[in-house]
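Taking it in order: structure first as structure tokens, then the write-up.
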Amino acid sequence: MDIIEQAATLLQSGKLVAIPTETVYGLGADAKNSIAVQKIYDAKGRPNTNPLIIHIPNVGAMSDWAIDIPEDAYLLAAAFWPGPLTLILKRHPSVPLIVTAGQDTVAVRVPNHPLTLKLLKRLGSGIAAPSANRYGRISPTTPEHVLEELGNSVDFILDGGPCAVGIESTIVYLLGSKPLILREGSISGSNIQQVLGKEVIKSIEGLEIRSPGSSSSHYAPSKPLYLLEKEDLHDMLLKLIQARKTISVLSFSEKPIRPNPFVFEWITFPYDPGQYAQQLYQQLRVLDENDSECILVEMPPASEPWLGVKDRLQRASRPIK
Ligand code: TXA
Ligand code: MG
């Protein structure tokens, strides 16, 4: 049996299949099967109050999952699908409430990965899938990461190689008077604004809408990660060395020539938001798994193309004491 057929058969019998997407790997179940979807929450240790994204094969399938679809949704779909953009729309009555965490809104996207698109077409249904990590942890961008995160609780991993984008999709809420970005990603507010020809607003703390990731720790390594401006990073490094702490560094600068026994690993990142995003989670895993006690990360630039990676780093970081 070929792997697509195998994955489809498992999904149809209520099993969990990890799917490759261009952003991160998803932990998928048949979106119409409530019992299978419950297994996703159990496998991740994710509270039932946090809704899932439904992955669909094409824009035509949007009306199977959502109603009263605004014109903006079609404009954005035409511009960015298949691709790293999730739309929040009004839920179709046939969508099981477990997928939307009881809400009357639904999240949908067409992912841009040839294997998953093939699988979705073969299924003729939707796949409900959050990122395939344990709750609050770093999202997986390779099949090996999925296995590390979920082990036996996933029935099959569809191996689509490393993810090309590397951070999760941009999420846009389309039910308000203006489009609202709930989560930053590689598609920026300006990209969206350009397509819609209208103002796009950003999610602010305290908004009534269930905001993805929320303010709690998320996308996080298990050891402390401190996010610092370039000029503060050096001081922090010295302070930690004096305190005899072992450190890993993720910076735009080259590793200092003089070795220091307390600096275990120094990774130099490209000054390009796309390449940075593609490598981010993979490298955070490397630094989380080595023997250092903490991770120092140089703050990326404040400009718009960096908002996605900056958001993930902020959620992964701890306050500086
Ligand atoms: O790139 C991605 O979006 C990846 C791949 C696998 O598609 N998926 C992903 O799923 O990041 P997850 O569950 O890790 O993050 C989705 C976020 C959650 O924080 C959830 O709260 C939010 O989307 N979400 C889902 N449905 C929603 C809804 N109806 N209203 C508001 N937020 C929603
Ligand atoms: Mg996630």
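Applying the selection to the range 175-187, what residues are within 16 Å of D68 (Cα to Cα) and out of contact with any strand residue (DSSP E or B) (no Cβ under 6 Å at 6 or more places or on another chain)?
Listed by number, the residues that qualify are L175, G176, S177.
Could you list, in sequence order, the residues of the range 32-44 that are touching a Leu at 6+ places or on another chain (Cβ under 8 Å) and open to solvent by less than 50 Å² (accessible area, probe 1.4 Å)?
A36, V37, I40, A43, K44
Is it true that some residue in the range 43-59 is within 14 Å of ligand 1 (Cβ to nearest atom), aliphatic (A, V, I, L, M), farther than 21 Å from S186 by Cα and in the same structural domain as P179 (by TED's automatic domain parsing)?
Yes, the range 43-59 contains a residue that is within 14 Å of ligand 1 (Cβ to nearest atom), aliphatic (A, V, I, L, M), farther than 21 Å from S186 by Cα and in the same structural domain as P179 (by TED's automatic domain parsing).
For the range 19-31, check the following and say yes or no: at least one residue is out of contact with any Ser or Thr (no Cβ under 6 Å at 6 or more places or on another chain), part of a loop (DSSP other than H, G, I, E, B) and open to solvent by 20 Å² or more (accessible area, probe 1.4 Å).
Scanning the range 19-31 turns up no residue that is out of contact with any Ser or Thr (no Cβ under 6 Å at 6 or more places or on another chain), part of a loop (DSSP other than H, G, I, E, B) and open to solvent by 20 Å² or more (accessible area, probe 1.4 Å).
Among the listed residues I320, I247, identify the single one that is touching a helix residue (DSSP H, G or I) at 6+ places or on another chain (Cβ under 8 Å) and open to solvent by less than 20 Å² (accessible area, probe 1.4 Å). Break it down stepwise before answering.
Values: I320 fails: open to solvent by less than 20 Å² (accessible area, probe 1.4 Å).
Of I320, I247, the one residue that is touching a helix residue (DSSP H, G or I) at 6+ places or on another chain (Cβ under 8 Å) and open to solvent by less than 20 Å² (accessible area, probe 1.4 Å) is I247.
Suppose the filter is open to solvent by 20 Å² or more (accessible area, probe 1.4 Å) and farther than 24 Å from I192 by Cβ; does E304 pass it?
Numbers: open to solvent by 20 Å² or more (accessible area, probe 1.4 Å): yes; farther than 24 Å from I192 by Cβ: no.
Considered against the rule, which asks whether it is open to solvent by 20 Å² or more (accessible area, probe 1.4 Å) and farther than 24 Å from I192 by Cβ, E304 comes out as no.
Considering only the range 148-171, how many residues are crowded, with 20+ Cβ neighbours inside 10 Å, within 16 Å of ligand 2 (Cβ to nearest atom) and not polar (S, T, N, Q)?
Of the residues in the range 148-171, the ones crowded, with 20+ Cβ neighbours inside 10 Å are 149-150, 154, 157-158, 160, 163, 165-171.
This time we only want the ones that are within 16 Å of ligand 2 (Cβ to nearest atom), so: 149-150, 154, 163, 165-171.
Next, from what is left, pick out any that are not polar (S, T, N, Q): 149-150, 154, 163, 165-168, 171.
Here the count works out to 9.
Go through the range 14-69 and give me each residue that's among the basic types (K, R) and at pLDDT 95 or above. Quick ask: steps written out before the conclusion?
Quick first cut of the range 14-69, residues among the basic types (K, R) only: 15, 32, 39, 44, 46.
Across the range 14-69, the qualifying residues are K15, K32, K39, K44.
Yes or no: the range 200-221 includes at least one residue that is surrounded by 18 or more Cβ atoms within 10 Å (Cβ to Cβ) and at pLDDT 95 or above.
yes
The values are calculated or read from the model by the stated rules, or taken from the named source; none is laboratory data. Predicted model, so just to flag it, every value in this text is computed and none were measured. Glycine gets a Cβ as well: all are built from the backbone with ideal geometry, and neighbour counts include every protein chain shown. Remember, those area values only see protein heavy atoms, side chains included, never the ligands or the DNA or RNA. Shrake-Rupley method; radii C 1.70, N 1.55, O 1.52, S 1.80 Å.
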